Amino acid sequence: MNRSKIVAYAVGGWLFIEVVAFVLVVQILGLLAAIALGAGTTLLGLLDIKRLIEYLRRRMGKSETKPGASPNMMDGGLQALGSLLLILPGFASDLVGLALKAPSIRADIARRLRPDPRRGPRTIDLAPNEWKSIGVRKPRRRRAAAKPTETPPAA
């Protein structure tokens, strides 16, 4: 399956989820309240983008910060993505955008996206003369620890 079909299915699925979410919100709150809620989340996203831009301007303007230190780009990127999802019309995207506003969720996503520095390469490429097969050994069974003999209680 080529990439354009995958993207088309993903966009179609997302639109279906948005329509279902909108219908559910309209049934629960009513049409006018649903429209007001959608406009409110869009306004919230726009205000948050403004706040992020001002924060980045202040952060980039400070040259007295630690040399070589840069703002956490992954966290800022996830905050910006959350704000953009709030701006988009639709309640499912608003829910994901609000979730990305939570620092614990952003930290968890960033931890999962970053490569683990403790893990080395998964494949080590060796020439045939650089290794030998040692066979498969069965793990040794541990002996059961000897149980202490029970002595009769002293009277």
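The values are calculated or read from the model by the stated rules, or taken from the named source; none is laboratory data. Owing to the predicted nature of the structure, the values given are computational and were not obtained by experimental measurement. All Cβ positions, glycine included, derive from the backbone under ideal geometry; neighbour counts span all protein chains shown.
Using the structure shown, decide if Lys132 is among the basic types (Lys, Arg), surrounded by 12 or more Cβ atoms within 10 Å (Cβ to Cβ) and at pLDDT 75 or above. It is false that Lys132 is among the basic types (Lys, Arg), surrounded by 12 or more Cβ atoms within 10 Å (Cβ to Cβ) and at pLDDT 75 or above. Checked against the criterion of being in contact with a Ser or Thr (Cβ under 7 Å, 6 or more places away or on another chain), at pLDDT below 95 and closer than 20 Å to Gly97 by Cα, region 27-47 contains one or more residues that satisfy it. Scanning region 72-95 turns up one or more residues that are modelled with pLDDT under 75 and surrounded by 10 or more Cβ atoms within 10 Å (Cβ to Cβ).
Checking the condition surrounded by 12 or more Cβ atoms within 10 Å (Cβ to Cβ) and of a type outside the set (Lys, Arg), which residue from Phe16, Phe22 passes? Spell out the reasoning first.
Details: Phe16 fails: surrounded by 12 or more Cβ atoms within 10 Å (Cβ to Cβ).
One residue alone meets the criteria, Phe22.
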